[in-house]
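Remarks on the structure that follows.
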Amino acid sequence: MPQQYAATDKRTGLEVTVTGDFPPDPEDRVRIARTTTLFTRLMSTILSTGSAFERRQGFLAVETQLELADALIRGDLEEVQRLLRQTMERMGITPEQLEEIARRIMEQLGGQGPIDPFPPGP
């Protein structure tokens, strides 16, 4: 039988409910509760934004970060690189600028040779 956890944002009254088969470990249950509470707060903050443009930007930022977290947890490094590259492009940072940033970091760390932090995707 599925279990539920509901989190309510005190500022707006927004409620999010998560239903599923939760692991019995108490620490996992604490993490489920905390993650659901944070997600509820994020959604409430975004929805209370007055500007439609800022609201869309908020949703896009959260969606991208959640996709990135999912890819990191799955160990899909190609997807992580793609999402980071896409985020940087949205911020107006070109691949050349990324290359220059990586070069400077390597110089400061005393590294040898070129580095490509976001190699082209497939």
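Data overview
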item	result
Charged-residue dipole, Cβ positions (Lys, Arg, Asp, Glu), the chain about Cα centre, Debye nearest 20	540
Surface share of carbon and sulfur [accessible, 1.4 angstrom probe, percent] for the chain	58
Rounded tilt (10° steps) of 52-74 against the dominant C-alpha axis of the chain	80
Debye intensity ratio in log₁₀ form over the Cα atoms of the range 1-54, taken at each q of 0.30 Å⁻¹	-1.13
Degrees between helix 77-90 axis and first principal axis of the chain (Cα, 0 to 90, nearest 10)	80
Cα Rg, Dmax (largest Cα-Cα span) when computed across the chain, Å	19.3, 57
Segment residue 69-residue 11, extension gain: residue separation times 0.36 nm, minus the distance between their alpha carbons	18.2 nm
Accessible area of the chain divided out per residue, in Å², using a probe of 1.4 angstrom	74
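The values are calculated or read from the model by the stated rules, or taken from the named source; none is laboratory data. This one's a predicted model, so the numbers in the text were calculated from it and none came from an experiment. For neighbour counting, all protein chains shown are included, and Cβ atoms are generated from backbone atoms with ideal geometry for every residue, glycine included. Keep in mind that these areas ignore ligands, DNA and RNA; they rest on the heavy atoms of the full protein, side chains included. Shrake-Rupley method; radii C 1.70, N 1.55, O 1.52, S 1.80 Å.
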